[in-house]
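What follows is a set of notes on a single structure, which appears directly below.
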Amino acid sequence: MADQQEEEDLRLALRMSMQNSPPEPKRSKPEEAADSTTMMTPEDNRRLQRELMAAAAEKRLLTAAKSVPASASPLKSDSDGDLVKKEIEIEAKEVNAGNELSEEEAYQLFFMVFGSGVSKDILAQWSNQGISILARLAGSWQICNWFSPDPETSMILVQHEGGPCGVLAAIQAFVLKHLLFFPDELVKAAQSMPQNLSSCRLSKNQHAASNNLAAFTENAKTRALVISMGEILFLCGNNKRAVIATLSSIGNGLEGSEDSLKDVIIAHALGGLSIESASDLHKILRVDTYTTPASAFKRLEAMIPIFQSRMGALLFLISALLSRGLDCVQADRDDPSLPLVTAPFGHASQEIVNLLLCGQAVPNVFDGRMDLGGGMFLKGVSANAEVGFLTLLESLNFCKVGQNLKRPKWPIWVVGSESHYTVLFALDTAVQDENELEEKESQIRKAFDAQDQSGGGGFISVEGFHQVLRETNIRLPSEKLDSLCSSGFIVWSEFWQVILDLDKSLGGLKDSTGQMGRKVFDLYHFNGIAKSDLNCSQSNSGGETPIQRPRFTKLRVSVPPRWTPEEFMADVAVPSGSAGIEPSGKDAEVAKPEPSQHAPLVDCIRTRWPRAVCNWLGDPPSIV
């Protein structure tokens with residue numbers, strides 16, 4: 001019993017020794033405490049005894065850590081118990097805490113990100129944003145880990161501070177990719193992960209994701225997050241390496257530790273920690289480089305609590321920059337003298353977003369490079385992205401997003417406004433498919449133009465017309481054929497009107513559903529900035545307090561074909577069919593037209609699908 005009690009006292013003493021602020025009275029004045037023992041209560045006496053034991057335990061840990069070499073194997077059992085062994089091993093690893101940034105690298109990194117005139121407010125924004133969720137605990141809403149538990153927002157990463165939204169939105173987009181289109185991959189062990197995380201593909205019959213956004217387990221969401229972070233870092237490292245930045249005061253201390261001990265270690269490491277200069281980065285950062293996804297996954301999985309903490313977004317940005325290489329990042333940019341975090345509000349620049357989406361910190365969103373002459377050029381996106389990007393600025397004619405970002409491999413887009421980044425996505429890859437009737441129209445027009453000998457006058461001979469009908473497999477009724485050929489030449493505009501009225505079964509473009517090739521599909525929009533929800537209030541002594549929740553909107557989108565008149569688009573009917581699937585039965589009947597709704601997000605959507613008409617229920621989607 002005595003040994004058991006001593007073991008319990010020692011455990012308690014060790015926990016107390018790791019607290020940020022030791023309880024009073026301070027251990028530096030034991031004489032004063034001893035002089036007053038005659039006036040102390042039994043509780044005070046026990047407290048003082050625990051403090052003295054904690055001091056002794058700290059001394060033993062420090063002595064043992066200094067005596068254990070970096071390559072030492074785990075210690076054999078000793079009289080202080082298993083917990084002491086674990087703490088000694090952690091302390092020994094921290095003495096050899098991996099790689100620190102050199103002073104030169106820390107200086108280059110700090111001024112690359114923040115510049116020379118950064119304000120304390122901006123530094124605070126980027127030092128107080130982890131990757132966190134809104135969770136309901138004991139009847140109230142509190143900030144917890146990763147995702148919101150609400151059925152409709154269970155996959156949203158919540159933003160608390162302005163500025164790091166570009167980092168969170170990019171991570172969110174990759175998380176959605178893995179949750180929606182690779183759910184089976186999330187149950188595999190880390191060792192079975194593909195060497196190239198961006199090489200995963202689905203077969204054509206596996207393109208639709210489940211519309212049950214609340215069906216994912218917490219384990220699946222966490223694994224999707226870890227895989228996504230690893231994929232982004234390897235993308236930045238040209239699929240050759242991933243550099244993971246954590247805190248040097250923690251080292252390997254989280255690996256293999258119990259959750260309760262991890263919380264204590266992180267609280268101890270973050271206590272009073274702030275970043276105000278390059279020297280602060282030099283003091284606190286530890287960086288580790290990994291060359292295989294499995295090893296990086298293991299490290300990220302162990303360091304998840306650090307990325308959950310208030311330093312998470314900044315540490316991940318630093319990891320991405322170091323994975324790319326600081327010199328390569330500067331070479332990617334058009335103007336390396338500007339900070340990546342923009343003044344005066346501390347927003348993530350387009351270079352940060354492009355780095356996380358495409359692996360290169362280029363400042364523009366067009367495809368390839370734009371030659372300005374005289375050996376000068378502007379850098380854009382060089383390859384098709386896994387997830388894409390749309391921006392309100394394109395609708396305002398400030399820029400033009402290229403096809404590499406506008407048509408990504410998966411139907412997920414980061415959406416940029418003047419001051420914020422959000423995420424738009426679809427559950428079906430068919431939303432990316434071209435309009436079937438538009439493709440048919442292009443085929444017919446190409447065949448017609450090939451027979452046009454008038455120099456672009458828009459008419460062809462009867463002989464050439466019969467050649468067009470054969471090439472396009474159009475079967476005109478005899479009366480329509482005779483009517484078109486009666487004048488000895490065929491004009492495109494007259495032929496086009498006949499095609500529009502000709503049934504699809506005969507090679508025309510007439511749709512029995514009355515939709516005339518219109519595409520109808522659903523899009524979903526996530527905004528991680530929490531908003532007051534008056535419908536879900538929390539009761540307190542002062543009345544009802546609105547709950548802060550991330551924002552989610554489901555949009556029904558209807559895209560008419562490009563030849564549809566504007567007045568038809570204004571009254572477009574929206575059936576209930578899914579993307580790329582024509583409605584049948586009752587759905588085939590043209591529904592009562594629904595009025596078009598407008599919000600800035602609709603302008604962004606129209607840069608991808610011109611003439612799109614959008615509808616939603618409830619509050620309009622917000623991109624700010």
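Just so it is clear, none of the values below were taken in a lab; they were calculated from the coordinates. Computed from a predicted model, the values in this text were never measured in an experiment. Every residue, glycine among them, receives a Cβ derived from its backbone with ideal geometry; neighbour counts consider all protein chains shown.
Quick one: which of LYS409/LYS440; LYS221/LYS262; LYS440/LYS480; LYS120/LYS221; LYS446/LYS480 span more than 30 angstrom between C-alpha atoms? If you can, show how the numbers build up before the last one.
Values: LYS409/LYS440 24 Å; LYS221/LYS262 20 Å; LYS440/LYS480 20 Å; LYS120/LYS221 34 Å; LYS446/LYS480 21 Å.
Violating the 30 Å Cα-Cα cut-off are LYS120/LYS221.
For the peptides 555-562, 435-442, residues were scored by their other Cβ atoms within 10 Å and the scores averaged per peptide; the highest-first order is 555-562, 435-442.
Note on VAL491 and SER478: their simple-model spin labels are 2.7 nm apart, each label 7 Å out from Cα toward Cβ.
The length gained by stretching the chain between VAL187 and GLU463 to full extension, at 0.36 nm per residue less their Cα-Cα distance, is 93.1 nm.
Given R₀ = 22 Å, what would the calculated FRET efficiency be for ARG407 paired with GLU439, taking r from the Cβ atoms and rounding to 0.05? All intermediate terms of the calculation are to be shown ahead of the outcome.
On the way: r = 15 Å, r/R0 = 0.69.
Approximately 0.90, to the nearest 0.05.
What size of dipole, in debye to the nearest 20, comes out for the stretch 357-473 about its Cα centre when the only charges are +1 on Lys and Arg C-beta atoms and -1 on Asp and Glu C-beta atoms?
Values: 10 positive and 16 negative charges, 85 e Å.
It comes to approximately 420 debye.
Residues VAL491, VAL329 in ascending order of nearby Cβ atoms (within 10 Å, fewest first): VAL491, VAL329.
When SER127, SER487 are sorted by how many other C-beta atoms sit within 10 angstrom of their C-beta, beginning with the fewest, the order is SER487, SER127. Figure legend: label point modelled 7 angstrom from the Cα of ASN99 along Cα→Cβ; residues of the stretch 324-339 with amide N under 15 Å from it are 324-328. Normalised Debye scattering of the stretch 440-493 at q = 0.14, 0.24 Å⁻¹ gives log10 I(q)/I(0) of -0.32, -0.96, counting only Cα atoms as equal scatterers and leaving out solvent. Projecting the Cα atoms of PHE465, LEU427, TRP496 onto the dipole axis of the stretch 425-507, where Lys and Arg carry +1 and Asp and Glu carry -1 at the beta carbon, places PHE465 farthest toward the positive end. In terms of other Cβ atoms within 10 Å, LEU390, LEU469 run from fewest to most in the order LEU469, LEU390.
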